[in-house]
Amino acid sequence: MSAEYMHIGIPITNKKPGMVYNEDAKFWCSNPDDYDYKIEYLAFEDGTPFPEEIYREMHAAFKVDDLQKYIDDADRMICGPMPAGDNAEIAFVRKDGAIIELYHEI
């Protein structure tokens, strides 16, 4: 298995300049490359399909070579897998108490 750090996701209540809106999932997102430490700020709206723990707690995101192996290794699945653009999928899991976003290019 191989995982590469991508960003830390931090839910916020006030949008930051430059955030992009995801209409399908009802949330705003910053570009992690715009911030030191690769921070992805997330502002969720009412009706988002994401579970509450995703929009209440921080997560660490990793690009993985085998999504299913990391899902199987997790303590609990939170949500996903789901499409993330045209050529990727993501899943959110709990591992050792932390929320982990798994990103896999397909």
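Against the numbered list (1) within 17 Å of MET1 (Cβ to Cβ); (2) in contact with a Gly (Cβ under 9 Å, 6 or more places away or on another chain); (3) touching a residue at least 24 places away in the same chain (Cβ under 8 Å), ILE54 comes up short only at (1). Scanning region 1-36 for residues that are among the basic types (Lys, Arg) and not in a loop (DSSP other than H, G, I, E, B) yields a total of 0. Close Cβ contacts (under 8 Å, 6 or more residues apart or on different chains) running from residues in region 93-106 that are at pLDDT below 95 to residues that are of a type outside the set (Gly, Ala, Ser) comprise ILE106/ASN87; ILE106/GLU89.
Within region 56-89, track down each residue that is in contact with a His (Cβ under 6 Å, 6 or more places away or on another chain) and part of a helix (DSSP H, G or I). Let's see the steps before the verdict.
From region 56-89, those in contact with a His (Cβ under 6 Å, 6 or more places away or on another chain) are 61, 64, 67, 89; that's our starting set.
LEU67, the sole residue that qualifies.
When region 91-106 is filtered for residues that are surrounded by fewer than 18 Cβ atoms within 10 Å (Cβ to Cβ) and closer than 14 Å to GLY9 by Cβ, only ALA98 remains. Scanning region 1-45 for residues that are surrounded by fewer than 14 Cβ atoms within 10 Å (Cβ to Cβ), at pLDDT 95 or above and of a type in the set (Asp, Glu) returns GLU4, ASP33, GLU45.
The one condition from (1) under 13 Å from the mean Cα position of the chain (by Cα); (2) surrounded by 12 or more Cβ atoms within 10 Å (Cβ to Cβ); (3) modelled with pLDDT of 95 or more; (4) assigned to a strand (DSSP E or B) that GLU53 does not meet is (4).
If you filter region 9-36 down to residues that are among the aromatic types (Phe, Trp, Tyr) and in contact (Cβ under 8 Å) with a residue 12 or more places away in the chain, you find that the one that is farthest from ILE54 (Cα to Cα) is TRP28.
Test MET58 against the stated conditions and say whether it is touching a Lys or Arg at 6+ places or on another chain (Cβ under 8 Å) and either surrounded by fewer than 17 Cβ atoms within 10 Å (Cβ to Cβ) or under 19 Å from ILE99 (Cα atoms) (or both). So MET58 does not fit the description; no.
The values are calculated or read from the model by the stated rules, or taken from the named source; none is laboratory data. Keep in mind it's a predicted model, so treat the numbers as computed, not measured. As a convention, Cβ positions derive from the backbone with ideal geometry for all residues, glycine included, and neighbour counts pool all protein chains shown.
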